[in-house]
Amino acid sequence: MLPNFLIIGAAKSGTTSLYYYLKQHPDIFLPDKKELNYFSIHFERIKFSDYEKYFRLLKNENEIGEASPSYLYYENTPKRISTLLPKCKFIIILRNPIERFISDFFYLQTKGFNLDVDINKFVKDFFYKDDLEINILESPENLIWKGFYCKHILNYYKYFNKENFFIGFFDDLLNNPQELLKNICDFLGVDDSFRFETNIKYNKGKYIKNNYLLKLVYKYRNIIKIMFPFIKNKNDKWIKIIKVFYVKKNKSNNVIRTDTLNKLKRIYSNDIESLSGLLNKDITHWLTK
């Protein structure tokens, strides 16, 4: 058996919580591993038969899915899915792209990326000048590019009907998760009276307490392994333990300047306005926060 629905994004928009919530439903099967990334990152790296193995534990569930937020951003992914899963349904959770970018930027810093980069400089570097000519690298790895939701959704509409998509919002997942989940159940055609346990919020935003300590840990990680062989392992779980002391949740010490926020609003304004029209829903309040 193969998936008949996919959770495809957006990254840092509650997809991990949504994945764990939907796993509770007796009529929904999701593999134990989130982010298989087969149709994006791993399409040319692993066999289709290896992808199928993730769904062999299926019992009597009617709906089969997986959650890989990278699917929203890779240009070739919709075509790949349409070839192998032509009747697939899609769930997309959207978050204010400015908030999404900020969360993603600091989250990746806790993973050792962009440690020497100030977020204000990062955004400024996307402008050739202080005007609307934007230097955007159109790649899935680009943090700002991920927030052009209208572009990404329209890419899917080339291969699938609009009826195949459920598009919800991060704020609803936070503030009224039961109602959002009920609507998703209706979309999937499973029992919508099921009561989900939503008290736990998964994969919350993380920020660095101490940049310098984090840099040292990653810079000298191999030396540390040699000096302390008892912590050596291929998954670097010891780094996760150390992170308890230099990573915190929900609040950043970094100051995001007003001009940086204004630049981000200018970057996303056209796409947000286009998305409002596409969804027939006014979301331009994203530009006033």
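Every number here is computed from the coordinates shown, using simple stated rules; none is lab data. None of these values were measured; they are calculated from a predicted model. Here the Cβ positions follow ideal geometry from the backbone for every residue, glycine too, while neighbour counts run over all protein chains shown.
What the table below lists for this structure:
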{"read-out": "Length added when fully stretched, Glu44-Lys23, from 0.36 nm per residue minus Cα-Cα", "value": "4.7 nm"}
{"read-out": "Mean Cβ neighbour count within 10 Å, used as a protection proxy, ranking 89-98, 17-26 highest first", "value": "89-98, 17-26"}
{"read-out": "Which listed pairs, of Lys47/Lys79; Lys12/Lys59; Lys146/Lys263; Lys121/Lys281, have C-alpha distances above 27 Å, in listed order", "value": "Lys12/Lys59; Lys121/Lys281"}
{"read-out": "Separation of alpha-carbon centers, the stretch 138-191 and the stretch 33-55, rounded to whole Å", "value": "21 Å"}
{"read-out": "Sorted by Cβ density within 10 Å, fewest first, the residues Ser139, Ser49, Ser269", "value": "Ser49, Ser139, Ser269"}
{"read-out": "Calculated FRET value between Asn199 and Leu2, using beta carbons and R₀ = 41 Å, to 0.05", "value": "0.80"}
{"read-out": "Sequence-distant aspartates and glutamates (8 or more away, or on other chains) whose Cα lies within less than 14 Å of Lys289", "value": "Glu99, Asp171, Asp259"}
{"read-out": "Candidate aspartates and glutamates for bridging to Lys87, where Cα separation is under 13 Å - those fewer than 8 sequence places away on the same chain excluded", "value": "Glu63, Glu163"}
{"read-out": "Rg and Dmax [Cα atoms of the stretch 14-115; Å; Rg one decimal, Dmax integer]", "value": "15.1, 47"}
{"read-out": "FRET efficiency for Lys79 and His285, using Cβ-Cβ distance with R0 set to 41 Å, rounded to 0.05", "value": "0.75"}
{"read-out": "3J(HN,Hα) from dihedral phi, the stretch 61-75, Karplus parametrisation 6.51/-1.76/1.60, rounded to Hz, x for glycine, proline", "value": "5, 8, 10, 10, x, 8, 10, 9, x, 5, 4, 5, 9, 7, 4"}
